[in-house]
Amino acid sequence: MSINYSEIANPSIRNLTPYQPGKPIEEVQRELGLTDVIKLASNENPLGPSPKALAAAQEALTRIHLYPDGGSYELKQALAKYLAVNSQQLTIGNGSENILEIIVKAYLNANNAAIATQYAFATIPLLIKAAGAKLITIPTVEWQHNIDATIAAITPETRIIFVVNPNNPTGTYTTKNDFNKLLNAVSQDILIVSDEAYSEYINQDDYPDTLKLLPKHPNLIISRTFSKIFGLAGLRIGYAISSPEIADILNRARLPFNSNLVGTAAACAALQDKDYIAKSISLNSQGRKQLEAGLKQLNITYIPSLANFITINIQQDAKIIYEKLLQKGVIVRPLNAYGLPTHLRVTIGTHEQNERFLKTLREIIYV
Ligand SMILES: *Cc1c(COP(=O)(O)O)cnc(C)c1O
């Protein structure tokens with residue numbers, strides 16, 4: 001008798017729709033026989049890795065026969081200094097998606113619920129559903145997380161409220177006022193998770209400085225990553241900053257060796273590379289202006305973004321435009337999985353990459 005391995009799997013897992021990542025460059029080269037391919041699909045840093053991080057990673061390679069330090073002592077020390085927090089407030093993860101997973105593992109179950117906005121970063125609803133918890137989705141207002149509706153949706157079951165700030169794939173952000181309103185409205189047994197994968201790019205007065213809010217709000221958890229501005233997506237390092245009480249729980253919930261030796265060494269060095277960080281910020285703001293100007297010329301609307309990507313509305317089946325861009329060696333991200341069939345998400349690249357994207361899009365649209 002043959003076993004149906006889907007049937008005997010946990011229902012919360014069996015019914016998940018897998019996350020759709022950006023297409024890797026090698027896959028497009030292989031499948032389409034192209035050599036000159038650019039990827040603007042996963043919000044990676046177009047500068048490549050920081051030279052300091054690269055050197056630290058190479059040095060660390062001589063030690064990869066050893067287990068990493070499960071407690072990530074050095075990275076925690078470096079981060080504590082960088083963020084001006086206590087190292088006991090930190091949890092290190094295998095990417096920040098692992099941080100989100102650890103939070104869910106520690107605090108969500110089939111008897112409670114979590115709230116997220118419509119169009120929230122796809123990993124978040126995925127994790128909530130995988131935990132068997134109830135997912136409450138709040139419709140956006142002009143692409144924004146509706147904080148008033150979020151507060152109104154709280155029930156006795158609510159354990160976590162996720163705020164993705166800025167959100168991926170919309171690029172929109174929750175203001176300081178709204179964030180404070182939420183923090184002040186909830187009872188402290190409800191965790192507020194602020195997913196800030198792009199916060200280092202932001203220099204906007206009304207963007208919340210959540211680190212400052214931590215001492216007064218022990219239910220706040222901030223999630224950040226080395227994958228975006230720090231240019232280490234392939235090495236999978238992310239972290240949480242929280243009250244020491246929550247950090248203690250998260251560190252119990254994580255796997256003993258969830259952060260790798262090469263990644264933590266590179267992350268320590270990346271924090272020190274101020275030039276690289278400054279260059280990344282300025283390249284991104286120049287590239288955003290370049291893309292916005294180019295899109296206006298093409299009469300293509302976009303959602304204003306604070307992050308390192310822009311989501312555009314091409315008013316037609318975006319999957320077709322996506323495929324045509326692929327054929328010409330430009331990988332972007334279709335957003336069908338988000339219920340946005342006419343939108344594409346484009347990572348802000350180098351000046352040349354942005355030019356190539358705009359030129360290729362023009363060729364496709366005005367054939
Ligand atoms: C990219 C991203 C992450 C996850 O990045 P990791 O590589 O797992 O650190 C988390 N949240 C948002 C909103 C993102 O866009």
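Could you state the accessible area per residue of the range 245-367 in Å², with a 1.4 Å probe and every protein chain left in place? Intermediate values should be presented prior to the final figure.
Numbers: 5470 Å² over 123 residues.
Solvent-accessible surface per residue comes out at 44 Å².
Just the number please: accessible area per residue for the range 29-147, 1.4 Å probe, all protein chains included, in Å². Can you show the working numbers first?
Values: 5970 Å² over 119 residues.
Per-residue value: 50 Å².
Explain nothing, just the number: relative contact order of the chain, from Cα pairs under 8 Å at least 6 residues apart, as a whole percent.
Numbers: 674 pairs, mean separation 86.4, N = 367.
Worked out over the chain, it gives 24 percent.
Find me the longest stretch of the chain that has none of the exposed GluC sites (Glu not before Pro), where exposed means in a DSSP loop (not H, G, I, E or B) with at most 11 other Cβ atoms within 10 Å.
Numbers: sites that count: GLU7, GLU142.
The answer is 143-367.
Obtain the radius of gyration and the Kirkwood radius of the chain from its C-alpha atoms and give Rg over Rh. Don't skip to the answer; put the middle values down first.
Working: Rg = 20.7 Å, Rh = 21.5 Å.
Here the Rg-to-Rh quotient is 0.96.
Determine the dipole magnitude for the chain: charges of +1 sit on the beta-carbon of Lys and Arg, -1 on that of Asp and Glu, nothing else is charged, the reference point is the Cα centre, and the result goes in debye to the nearest 20. Could you put the intermediate results ahead of the total?
On the way: 34 positive and 32 negative charges, 43 e Å.
It works out to roughly 200 debye.
Leaving out ligands, DNA and RNA, and with a 1.4 Å probe, what % of the accessible surface on the chain is carbon or sulfur?
Details: 9040 of 17090 Å².
Heavy-atom surface of the chain belonging to carbon and sulfur, 1.4 Å probe: 53 percent.
At a temperature of 20 °C and a viscosity of 1.002 mPa s, determine how fast the range 263-367 diffuses translationally according to Stokes-Einstein, using the Kirkwood radius over alpha-carbon pairs as Rh; express D in µm²/s, rounded to the nearest whole number. Each step should come with its number before you reach the end.
Details: Rh = 14.8 Å.
For these conditions, the coefficient is 145 µm²/s.
For the range 154-210, with every protein chain kept in place, what is the accessible area per residue (1.4 Å probe, Å²)?
On the way: 2030 Å² over 57 residues.
Ligands and nucleic acids excluded, the result is 36 Å² per residue.
Just how far, in whole angstrom, is the range 1-53 from the range 270-336 if you go by their alpha carbon centroids?
19
What does the helix-only formula give at 222 nm for the chain: each DSSP H stretch with n ≥ 4 adding -39500 (n - 2.57), the total divided by the residues, and the result rounded to the nearest 500 deg cm²/dmol? Could the numbers behind the result be given before it?
Working: 14 runs with 144 residues, N = 367.
Value at 222 nm, helices only, nearest 500: -11500 deg cm²/dmol.
From the residues ILE300, LEU255, ILE3, which one has its Cα farthest along the dipole of the chain in the positive direction, the dipole being from +1 and -1 charges on Cβ of Lys/Arg and Asp/Glu about the Cα centre?
In the chain, that residue is ILE300.
Measuring from centroid to centroid over Cα atoms, what is the spacing of the range 94-124 and the range 131-206 in Å?
12
Looking at the chain as a GNM with Cα springs under 10 Å, which of THR117, THR170, THR17 has the largest mean-square fluctuation?
Maximum among the listed residues: THR17.
Please sort 283-290, 134-141 by packing, taking for each peptide the average over its residues of neighbouring beta carbons within 10 angstrom, highest first.
Values: 283-290: 17.9, 134-141: 15.9.
Taking the mean over residues of other Cβ atoms within 10 Å, the ranking is 283-290, 134-141.
The chain: longest stretch without exposed chymotrypsin sites (Phe, Trp or Tyr not before Pro) (DSSP loop, at most 13 other Cβ within 10 Å), sites themselves excluded?
On the way: sites that count: TYR5, TYR19, PHE257, TYR366.
The answer is 20-256.
Across every pair of different alpha-carbon atoms, what Kirkwood hydrodynamic radius in Å does the range 80-208 reach? Could you put the intermediate results ahead of the total?
Details: mean 1/r = 0.0658 Å⁻¹.
Evaluated on the range 80-208, it is 15.2 Å.
The values are calculated or read from the model by the stated rules, or taken from the named source; none is laboratory data. Keep in mind that what you see is a predicted model, and the values were worked out from it rather than measured. Cβ: placed from backbone, ideal geometry, glycine included. Neighbour counts: every protein chain shown. These accessible areas exclude ligands, DNA and RNA; they are computed on the full protein's heavy atoms, side chains included. Shrake-Rupley method; radii C 1.70, N 1.55, O 1.52, S 1.80 Å.
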